[in-house]
Structures are given as C-alpha cells and as structure tokens.
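K.L.:
Sharing a structure with you now.
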Amino acid sequence: CGEEVTQKIPDDDTRHRYVCLGCETIHYQNPNIVAGTIPVHEGKVLLCKRAIEPRHGYWTLPAGFMENQETTMEAAARETWEEAEARVKLHTLYTVINVPQIDQVHMYFLATLIDGKFGVGSESLECQLFEEDEIPWDDLAFPTVKRTLKLYFEDRQHGEFSTHVSDIYREPREPEFEVIQDD
C-alpha cells in the first residue's frame, strides 16, 4: 500500500519480520538459492573465471541465482549455459551447502558435458577443463566451490558419489533449534 514498514514479531510467529504499519502485510524475506553444476568431460572439471563481481577474476563452478518459476535443475542447466555455453546432462544432486550469514543455499548437481563442448559466456572471462592437480585452489571464488570440488575428488577416488549436506559459517554459532540427522 506504500506505507512505512517496521520490524516486529507478528502474532503466531517467532522471528522479526518487516510489517506494514498501514495494512499489516508481512513482508517475508527468505534465503536465495544458488544452483550450479560440476560439469565433467573425460575426467576433467569445467571451471569459469568470473567476469563479474563479487570475486571478479576468480575461478568458479558454473552457478547462479535460481529464478522464480524455475526448478533447481533448470537453474543449474541454465547457469551452466549462460556462464560456459555448455549443455550438460544432469545427474544427481551432489552438494547442498547452507551459508546462513548471507542468506543463501548453494546446490550443485553432478553433470556431464554433452559432446565436451563449451565456450565463454557473458559472465565469464574464460572457461577451462581442469584435471584435479591443475585446479587453481588458491584462486577459487567461493568456499562452497572449494568444498564441492574437494568432496568430488574424494568421492571420485572411492568411485562412489553421495549427496553431501553441510554448512559454512563465518564464525561458529549455536543453532536456534537442535538438528538431529540420520547417520
């Protein structure tokens, strides 16, 4: 309605939300999903050197923000095309990494490059296939990319890939609720 908003805990809620002072509409803010792939061709992983901020000039897996009315798999395939001009065959969900301090969830799918073809998209300076020992580990753009790649190469050694779920915090913190997981 255009009125001013304030932060308060609405009735039947437990968190501060932006609430309109005029019409009482609650304006929810929720995490963004980043979806991407680990594109592989003949044992090599495709990485893109970023042409945009944040982390301009650093290497990353092709990934980006999911759009409305798009599935996570569609987002991962679209981002791989936009950043590396690569079409991929998607396999299983590989990593889900929560980054709560920046309100993001990063999801990477195992993928195979179709025909091994790729190019350089508008958000990339260059794209290149890397063997494990060629990965520019010190020049990776994001901790989620580094963790995903390390897990991928560990699992590849064992010949078994499972889905990995983890969190990355800037500093340790106590969760608001106890999380109980199956082992």
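A short reminder: the numbers here are calculations on the coordinates, not readings from a lab. Since the structure is predicted, the reported quantities are computational estimates derived from the model, not experimental observations. Don't worry about glycine lacking a Cβ; one is built from the backbone with ideal geometry, like all the others, and counts go over all protein chains shown.
K.L.:
Considering only DSSP beta bridges where both residues belong to the chain, give the percentage that are antiparallel (nearest 5).
P.N.:
That works out to approximately 65 percent antiparallel.
K.L.:
While we're looking at this one, here's another question. Provide the per-residue ³J(HN,Hα) series for segment 160-173, in order, calculated from phi with Karplus coefficients 6.51, -1.76, 1.60 and θ = phi - 60°, each as a whole number of Hz, with x at glycine and proline positions.
P.N.:
Once rounded to whole Hz, the list reads 9, 10, 10, 7, 10, 10, 8, 10, 10, 10, 5, 8, x, 8.
K.L.:
Treating the chain as a set of equal point scatterers at the Cα positions, no solvent, please give the Debye-formula log₁₀ I(q)/I(0) at q = 0.08, 0.11 Å⁻¹.
P.N.:
Here log10 of I(q) over I(0) equals -0.32, -0.56.
K.L.:
Among Thr144, Gly119, Gln29, whose Cα lies farthest out toward the positive end of the dipole of the chain, if unit charges sit on the beta carbon of Lys, Arg (+1) and Asp, Glu (-1)?
P.N.:
Farthest towards the positive pole: Gly119.
K.L.:
Using a simple charge model, +1 on the beta-carbon of Lys and Arg, -1 on the beta-carbon of Asp and Glu, nothing else, what dipole does the chain show about its Cα centre, in debye to the nearest 20?
P.N.:
Here the size comes out at about 400 debye.
K.L.:
Follow-up. Show that you can apply the helix-only estimate: for the chain, add -39,500 (n - 2.57) for every DSSP H stretch of four or more residues, divide by all residues, and state [θ] at 222 nm to the nearest 500.
P.N.:
-5000 deg cm²/dmol
K.L.:
Just to be sure I understand: with springs between alpha-carbon atoms less than 10 Å apart, which residue in Gly116, Gly57, Gly159 has the highest mean-square fluctuation in the Gaussian network model of the chain?
P.N.:
Among Gly116, Gly57, Gly159, the largest mean-square fluctuation in the Gaussian network model of the chain belongs to Gly159.
K.L.:
How far, in degrees from 0 to 90, does helix 143-158 lean away from the longest principal axis of the Cα atoms of the chain, to the nearest 10?
P.N.:
50
K.L.:
For Gly116, what charge total do you get from the other residues with a beta carbon under 13 Å from its beta carbon, if Lys and Arg give +1 and Asp and Glu give -1?
P.N.:
My count for the surroundings of Gly116 gives +1.
K.L.:
Could you identify which residue out of Val19, Val40, Val99 has the top mean-square fluctuation in a GNM of the chain using Cα springs shorter than 10 Å?
P.N.:
Val19
K.L.:
Considering the options Ile168, Asn98, His41, tell which one lies farthest towards the positive end of the dipole of the chain, charges being +1 on Lys and Arg and -1 on Asp and Glu at the Cβ, about the Cα centre.
P.N.:
His41
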